[in-house]
Amino acid sequence: MEHSPEVQKQYFQFAYQTGSDIWTHLPYRYTAEEMLPDFERDALVLDIGAGRGLWAAKLVGLGYRVLGIDYVKDIVEKVNARIREDGYADRARFMVGNALDIPFTDTSFDLVTDIGTLQHITSDQWDDYVGEISRVLKTGGYFLKISLSRKTAQFMGWSPRTSTDGNFTKFGVHYHFFTENEITDTFGEAFMIVDQQFQTYESKSDPGDNVTLVFTLMQKK
């Protein structure tokens with residue numbers, strides 16, 4: 001099946017409801033937390049593609065204020081309800097939004113995080129994505145991105161490591177596995193790379209799979 005934006009959205013809606021998205025089972029948070037820059041308490045963070053709010057909750061626990069966006073309305077409503085029930089609605093809020101048209105004003109955020117969103121956006125939209133991230137970040141602000149890496153040996157029976165373009169579609173969902181050069185070329189005009197790390201995890205997406213993630217911390221020029 002070819003990539004279909006509508007099918008992809010339906011996939012995420014189902015995955016969020018069932019906890020079957022690939023991020024649920026990967027312990028990425030440990031490396032991500034270690035890479036966070038030092039901020040004063042109450043720094044404002046935007047989490048893109050915030051999903052079920054697991055990473056956002058971690059950020060709140062670290063003392064940040066968090067705004068999350070996701071394009072699945074049902075999950076946004078459920079997460080906001082849980083935030084109210086858990087008593088930190090004064091520290092976090094989710095909104096329906098798209099990474100290519102972020103619903104916030106210029107230079108609003110100290111930090112933007114993206115845990116696995118860009119890899120589902122096709123390359124013809126990467127410039128728009130970078131432009132939106134840069135627009136909402138303060139000058140000197142930071143961007144932490146976690147994406148699938150081309151170093152991955154096997155994913156759903158396919159080998160990203162031997163792929164020439166890193167693009168893969170399964171059940172209508174688009175995946176892109178990034179090389180280091182692609183990250184530099186995509187973000188280099190607007191951002192300076194401060195730190196980059198790779199971590200490999202066993203994955204439940206298919207027997208024998210393991211997924212390598214690339215963690216990139218950048219600072220807006």
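The values are calculated or read from the model by the stated rules, or taken from the named source; none is laboratory data. As the structure is a prediction and not an experimental result, all values here were calculated from the model. All Cβ positions, even for glycine, are placed from backbone atoms using ideal geometry, and neighbour counts span all protein chains on display.
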Odd one out for LEU137 among (1) in contact with a Lys or Arg (Cβ under 6 Å, 6 or more places away or on another chain); (2) farther than 20 Å from LEU111 by Cα: (2)
query: Between a first residue in segment 22-44 that is under 30 Å from LYS170 (Cα atoms) and a second residue that is of a type in the set (S, T, N, Q), which pairs have beta carbons less than 8 Å apart while being 6 or more apart in sequence or on different chains?
result: ILE22/SER203; ILE22/SER205; HIS25/SER203; LEU26/SER203; TYR28/GLN199; THR31/GLN197; THR31/GLN199; ALA32/THR113
- prompt: Pick from LYS73, LYS58, LYS138: which is of a type in the set (Lys, Arg) and loosely packed, with under 13 Cβ neighbours inside 10 Å?
  reply: LYS73
task: Go through segment 179-204 and count every residue that is in a loop (DSSP other than H, G, I, E, B), within 25 Å of ALA153 (Cβ to Cβ) and in contact (Cβ under 8 Å) with a residue 40 or more places away in the chain.
output: 2
query: Restricting the search to segment 205-221, which residues are of a type outside the set (A, V, I, L, M, F, W, C), in a strand (DSSP E or B) and either at pLDDT 95 or above or surrounded by fewer than 13 Cβ atoms within 10 Å (Cβ to Cβ) (or both)?
result: THR212, THR216, GLN219, LYS220
query: For segment 80-116, how many residues are part of a loop (DSSP other than H, G, I, E, B) and among the polar types (S, T, N, Q)?
result: 3
task: Might you check whether a residue that is outside any loop (DSSP other than H, G, I, E, B), touching a Ser or Thr at 6+ places or on another chain (Cβ under 7 Å) and touching a residue at least 60 places away in the same chain (Cβ under 8 Å) occurs anywhere in segment 151-162?
output: no
query: Out of all the residues in segment 116-135, which are surrounded by fewer than 20 Cβ atoms within 10 Å (Cβ to Cβ) and under 16 Å from LEU44 (Cβ atoms)?
result: ARG135
- request: Name the helices (runs of 4 or more DSSP H) wholly inside segment 2-79 in which the number of residues that are under 14 Å from THR117 (Cα atoms) and under 17 Å from the mean Cα position of the chain (by Cα) is 2 or more.
  value: 5-18
query: Looking at PHE155, PHE109, PHE104, which is the one that is modelled with pLDDT of 95 or more, under 19 Å from the mean Cα position of the chain (by Cα) and surrounded by 20 or more Cβ atoms within 10 Å (Cβ to Cβ)?
result: PHE109
field: Members of segment 73-114 that are in contact (Cβ under 8 Å) with a residue 40 or more places away in the chain and farther than 25 Å from GLU33 by Cβ
entry: ASP74
